[in-house]
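Everything on this sheet refers to the single structure shown next.
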Amino acid sequence: VMSTQPTYFAEIAPITYKGPDSTDELSYRFYDKDRLVLGKRMEDHLRFAVCFWHTFSWPGSDVFGGGTFNRPWLAGAMDSKAAAWKRAEGFDFIKKLGVPFYAFHDVDVMAVAANAAEHTQYLAEAVDDLERLQGETGIKLLWGTANLFSNPRFMSGGATNPDPEVFAFGALQVRQAL
């Protein structure tokens, strides 16, 4: 049974700085977010973000074969409940890393939409949930954008597509992302 409560990383303690001599594989050896470098904290110089596409949406595929990552939230249909679960797990992971920011493409954090109305609805659900998760964790959005490349509808481009319907769908995605 799918839960929207984070459980995948439950057994992993928060990742902390332990110094260059640490043998703990789940520790920072050189990144000490509070260390002052030229008068600023290291965290303020290096604005790390966890990207939803690379970390939670990409199945580990390449041109030579299918996905190699067995992410439980990617099994089955990416409906609203599965998307909420993925967002919850994502924020739990980001929190454990102690990273202050995240980034996403619209379709990384929402249910798969069959049409423009569903896209608008599912993105609105995702944005409301992301706002809640940000408030609970203090993790901030570094950037969000519209994905006009991974769906086969964009095989001839997104904003440059010669098909007016595809162009309009891309324009809708950009508008909604803004």
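For a quick check: with amide H placed at 1.01 Å from N, whose amide H comes under 5 Å from residue 146's, ignoring anything fewer than 5 positions away on the same chain?
106
Quick one: Cα convex hull volume of segment 66-126, Å³ per residue? Write down the numbers at each step before the final one.
Numbers: hull volume 6.4 nm³, N = 61.
Hull volume over Cα atoms, normalised by residue count, gives 105 Å³.
So if I take the centroid of the Cα atoms in segment 135-178 and the same for segment 72-92, what is the distance between those two points in Å?
Measuring centre to centre over Cα atoms gives 20 Å.
What's the local net charge at residue 103, with K and R +1, D and E -1, over the other residues with C-beta under 12 Å away? If you can, show how the numbers build up before the last one.
Values: positive: 47, 140; negative: 106, 108.
Summing Lys/Arg as +1 and Asp/Glu as -1 gives 0.
Heavy atoms only, 1.4 Å probe, whole protein assembly: order 132, 47, 87 by accessible area, highest first.
The ranking, largest first, comes out as 47, 132, 87.
Once the Cα gyration tensor of segment 116-174 is found, what semi-axes does its equivalent ellipsoid get, as square roots of 5 times the eigenvalues, in whole Å, sorted largest first?
Numbers: eigenvalues 158, 30, 11 Å².
Taking √(5λ) for each Cα gyration eigenvalue gives 28, 12, 8 Å.
Picking from 82, 99, 135, whose Cα lies most toward the positive end of the charge dipole for segment 81-153 (charges on Cβ: Lys, Arg +1; Asp, Glu -1)?
Value computed over the given set: 99.
Of the options 13, 156, 67, report the single residue whose Cα projects farthest towards the positive end of the charge dipole of the chain (beta-carbon charges: Lys, Arg +1; Asp, Glu -1).
Of 13, 156, 67, it is 13.
Quick one, can you get me the convex hull of the C-alpha atoms of the chain expressed as volume per residue in Å³? Walk me through the numbers before you get to the answer.
On the way: hull volume 28.1 nm³, N = 178.
For the chain, the hull spanned by Cα atoms encloses 158 Å³ per residue.
Can you check how the C-alpha radius of gyration of segment 1-70 compares to 2.2 N^0.38 Å, as a plain ratio? It would help to have the intermediate numbers written out before the result.
On the way: Rg = 16.9 Å, N = 70, 2.2 N^0.38 = 11.1 Å.
Compactness ratio reported: 1.52.
Assign unit charges at the C-beta atoms only (+1 for Lys and Arg, -1 for Asp and Glu), then state the dipole size of the chain relative to its Cα centre in Debye, rounded to the nearest 20.
Details: 17 positive and 22 negative charges, 81 e Å.
So the magnitude is around 400 debye.
The values are calculated or read from the model by the stated rules, or taken from the named source; none is laboratory data. It should be emphasised that the depicted structure is a prediction, and the values quoted were computed from it without experimental measurement. Here Cβ is always computed from backbone atoms with ideal geometry, including for glycine, and neighbour counts include all displayed protein chains. To get the accessible areas, we keep the full protein, side chains included, count just its heavy atoms, and leave off ligands, DNA and RNA. Shrake-Rupley method; radii C 1.70, N 1.55, O 1.52, S 1.80 Å.
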